[in-house]
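Worksheet: the structure to be examined is printed underneath.
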Amino acid sequence: MLQLSKSLTKRKKAIAIVVAQLLSNIYQDVEPTHEMNRIIDLLKDESKSVTTAYGTTSGEEVTKLISEEGLDMDEVNRRILLYRNRRRLKKGRTRSQLVGDLANYLSDYCSQAKTYEELVDQIKHMPKMTHKPLGGGFDLDNENVPVFLETLTDEERKKLLQKVNEKIAQGGKEFEIGEDLERYLNEVGMKYGIDCSVDDFETMGKSYFGIKVFIGDRGIIGWFHGTFEELKAALSKEIELEAQDKVKCPYCGRKIVRYVAMNILKNCDCGAKIEIVRESVRKGNVTHMKRNIAFLKLKET
């Protein structure tokens, strides 16, 4: 049932919009050149309900409205053209997204190629892994990638090759920057005895970084907005915070960085043995196992 204004001007426009939406929904290749009688012929036998901007209706119901109140053909044709262009734009975005997802998948496992054929030839050597694109899209794997590749136009194939080579080159630069960051963090952590590692590093422009960093046993995963120097400074502070987490030997009172006690030392300076014990911690109905430190005094001989 349509909800239409009592205003004659608004009512005529609403009917035109509904007609255009119905035609575009039922006949997606409809052109904005039909006469009113032709539109009535197209819609009069359509009994299926369709949701429009003014409510749910059908071709039969709208045909009666057209016969009773007429139809603004200029508005109908303008709307048909608008909806058709939107569909084409959406289809273009979908194709562009597919090429982008393929490029992300292939750049993870392939090396740079001079030709599209050389790139495709590498697929047979890729590991059997499934790529799940961020933000949705198609899951990609060894079986469906060749199928998608067959649907690409020559222009899309050129674009895919270009994107893959660019992403591989970018990945090489990111690896080098990630190694530089890891060296810097280990230099900072050295005075505390804390080891650091950079497992993943991505750049988005000059001031947005995706990181997966381990400072001691603590993992830091996420995105950082700022310069590379600001990222280094922020992670340096995290190392200093980690160094403040200390355990105290109950026999001599020595304070030791927890990471060092758990991963490097076997004994305290006083001779007490350091052991890692597993303790159960109950939270609600769930029991978690937690690693902790125990100091054991060696027996005097």
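The values are calculated or read from the model by the stated rules, or taken from the named source; none is laboratory data. Everything numeric here is computed off the predicted structure, so don't read it as measured data. FYI the Cβ positions are ideal-geometry reconstructions off the backbone, even for glycines, and counts take in every protein chain you see.
Regarding K91, is this residue closer than 30 Å to L140 by Cα and either modelled with pLDDT under 80 or not in a helix (DSSP H, G or I) (or both)? When the stated conditions are applied, K91 passes them.
Of the set (1) assigned by TED's automatic domain parsing to the domain that holds Y116; (2) in contact (Cβ under 8 Å) with a residue 60 or more places away in the chain, all apply to G193 but (1). Among all residue pairs at least 6 apart or on different chains, which show Cβ distances below 6 Å where the first residue, located in region 209-230, is under 19 Å from G171 (Cβ atoms) and the second is surrounded by 15 or more Cβ atoms within 10 Å (Cβ to Cβ) and among the acidic types (D, E)? Once the first residue is under 19 Å from G171 (Cβ atoms) and sits in region 209-230, its partners that are surrounded by 15 or more Cβ atoms within 10 Å (Cβ to Cβ) and among the acidic types (D, E) give G210/E202.
Would you check if there is a residue in region 276-286 being of a type in the set (S, T, Y), surrounded by 13 or more Cβ atoms within 10 Å (Cβ to Cβ) and either out of contact with any Pro (no Cβ under 6 Å at 6 or more places or on another chain) or outside any loop (DSSP other than H, G, I, E, B) (or both)? Taking every residue of region 276-286 in turn, none turns out to be of a type in the set (S, T, Y), surrounded by 13 or more Cβ atoms within 10 Å (Cβ to Cβ) and either out of contact with any Pro (no Cβ under 6 Å at 6 or more places or on another chain) or outside any loop (DSSP other than H, G, I, E, B) (or both). One residue is enough: does region 116-124 have a residue meeting the conditions surrounded by 15 or more Cβ atoms within 10 Å (Cβ to Cβ), modelled with pLDDT under 85 and either within 19 Å of the chain's Cα centre (by Cα) or in a helix (DSSP H, G or I) (or both)? Yes; the residues of region 116-124 include at least one that is surrounded by 15 or more Cβ atoms within 10 Å (Cβ to Cβ), modelled with pLDDT under 85 and either within 19 Å of the chain's Cα centre (by Cα) or in a helix (DSSP H, G or I) (or both).
Out of region 203-222, which residues are within 20 Å of E176 (Cβ to Cβ) and not in a loop (DSSP other than H, G, I, E, B)?
Residues satisfying the conditions are T203, Y208, F209, G210, I211, K212, V213, F214.
Considering each residue of region 4-22 in turn, none proves to be closer than 30 Å to Q162 by Cα, within 42 Å of the chain's Cα centre (by Cα) and at pLDDT 80 or above.
Considering only residues that are surrounded by fewer than 17 Cβ atoms within 10 Å (Cβ to Cβ) and closer than 15 Å to D41 by Cβ, which ones fall in region 59-74?
Of region 59-74, the ones surrounded by fewer than 17 Cβ atoms within 10 Å (Cβ to Cβ) are 60, 64, 67-70, 73-74.
Those that are surrounded by fewer than 17 Cβ atoms within 10 Å (Cβ to Cβ) and closer than 15 Å to D41 by Cβ: E60, K64, S67, M73.
In the set (1) of a type in the set (S, T, Y); (2) touching a residue at least 60 places away in the same chain (Cβ under 8 Å); (3) not in a helix (DSSP H, G or I), the condition left unmet by S111 is number (2).
Taking the residues in region 32-44 that are modelled with pLDDT of 70 or more and part of a loop (DSSP other than H, G, I, E, B) as candidates, determine which candidate is surrounded by the fewest Cβ atoms within 10 Å (Cβ to Cβ).
Taking region 32-44 and keeping what is modelled with pLDDT of 70 or more, we get 35-44.
Filter again for part of a loop (DSSP other than H, G, I, E, B), leaving 35, 44.
Details: E35: 10, K44: 15.
Among residues in region 32-44 that are modelled with pLDDT of 70 or more and part of a loop (DSSP other than H, G, I, E, B), the one surrounded by the fewest Cβ atoms within 10 Å (Cβ to Cβ) is E35.
Checked against the criterion of being more than 28 Å from V257 (Cα to Cα), in contact with a Lys or Arg (Cβ under 9 Å, 6 or more places away or on another chain) and among the charged types (D, E, K, R), the candidates E156, E238, E242, E166 yield just one match: E156. Within region 238-246, at least one residue is surrounded by fewer than 13 Cβ atoms within 10 Å (Cβ to Cβ), more than 33 Å from the chain's Cα centre (by Cα) and free of Cβ contacts under 8 Å to residues at least 12 places away in the same chain. The numbered conditions (1) within 30 Å of D108 (Cα to Cα); (2) surrounded by fewer than 13 Cβ atoms within 10 Å (Cβ to Cβ); (3) in contact (Cβ under 8 Å) with a residue 12 or more places away in the chain are all true for D269 except (1). Is there any pair with a first residue in region 272-293 that is at pLDDT below 80 and a second that is outside any strand (DSSP E or B) whose Cβ atoms are under 7 Å apart and which are 6 or more apart or on different chains, and what are they? Final answer for the pair search is none.
Restricting region 170-194 to residues that are among the aliphatic types (A, V, I, L, M) and not in a loop (DSSP other than H, G, I, E, B), which is modelled with the lowest pLDDT? Among residues in region 170-194 that are among the aliphatic types (A, V, I, L, M) and not in a loop (DSSP other than H, G, I, E, B), the one modelled with the lowest pLDDT is I177. Taking the criterion of being farther than 18 Å from V213 by Cα, surrounded by 15 or more Cβ atoms within 10 Å (Cβ to Cβ) and not polar (S, T, N, Q), the residues of region 150-189 that qualify are L152, E156, R157, K159, L160, L161, K163, V164, K167, I168. Beta carbons closer than 9 Å, at least 6 apart along the sequence or on distinct chains, pair a first residue in region 1-23 that is closer than 17 Å to I40 by Cβ and in contact (Cβ under 8 Å) with a residue 40 or more places away in the chain with a second that is assigned to a loop (DSSP other than H, G, I, E, B) and among the polar types (S, T, N, Q) for L22/S58.
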